[in-house]
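J.: Mind looking over this structure? Questions follow.
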Amino acid sequence: MGRRGHKKQKAFKRATVDAVRKARIEKQQGQNGQSTANGDEATADDRPRVSTYEDIVKENALFEKYYKEMHLVPDNEWDAFLAALKEPLPVTFRVTGFRSHAFAVMHLIRERYFQPLESSTAIEKPKELVWYPGSLAWQLNLSRNQLRNFPELQRLKEFLYEQTEHVNNAFF
């Protein structure tokens, strides 16, 4: 495919993504039927967040009985084992795709999103998952819910969500 064809394909993809995003917003506005003070439709960002989910009870007698009978964990460590299972998982991500492109994206993430966190004392620094090749996998020792509470991480979160939403395999 020539250079012109590639540009057309890229423009078509961008227009398609924009159209899907616009349709999703319009659908949300239609379902919610809410409007702002000036009469415009309210977007999800304009409305206060109300949690409609109840806390998940992380207890299951059958699960506990099954694993207790398997004797995988010594009795004196059983309570610590169950407590560890109830802890929320950390946020993790990895950059995939063509090697040179993945390294370029990771460089961008380090400079744009990790560097501002260096001066923050409220947030533990992102931790590289050393078992994943090329320094392309990272962990934030926060749950997804905690991630929402830190303005310093909003840009990183939005970038990761955007890349995931676009299903851009060159990035993730």
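J.: So which residues in the range 126-156 are in contact with a helix residue (DSSP H, G or I) (Cβ under 6 Å, 6 or more places away or on another chain) and without any contact (Cβ under 8 Å) to a residue 24 or more places away in the chain, if there are any at all?
T.: PRO126, GLU128
J.: Can you confirm whether the range 90-97 contains a residue that is touching a strand residue (DSSP E or B) at 6+ places or on another chain (Cβ under 9 Å), among the charged types (D, E, K, R) and closer than 17 Å to GLU152 by Cβ?
T.: no
J.: Is it true that SER100 is loosely packed, with under 10 Cβ neighbours inside 10 Å and assigned by TED's automatic domain parsing to the domain that holds LEU160?
T.: Criteria met by SER100.
The values are calculated or read from the model by the stated rules, or taken from the named source; none is laboratory data. In this text, all values refer to a predicted model and were calculated from it rather than measured experimentally. Glycine also receives a Cβ, built like all others from the backbone with ideal geometry; neighbour counts cover every protein chain displayed.
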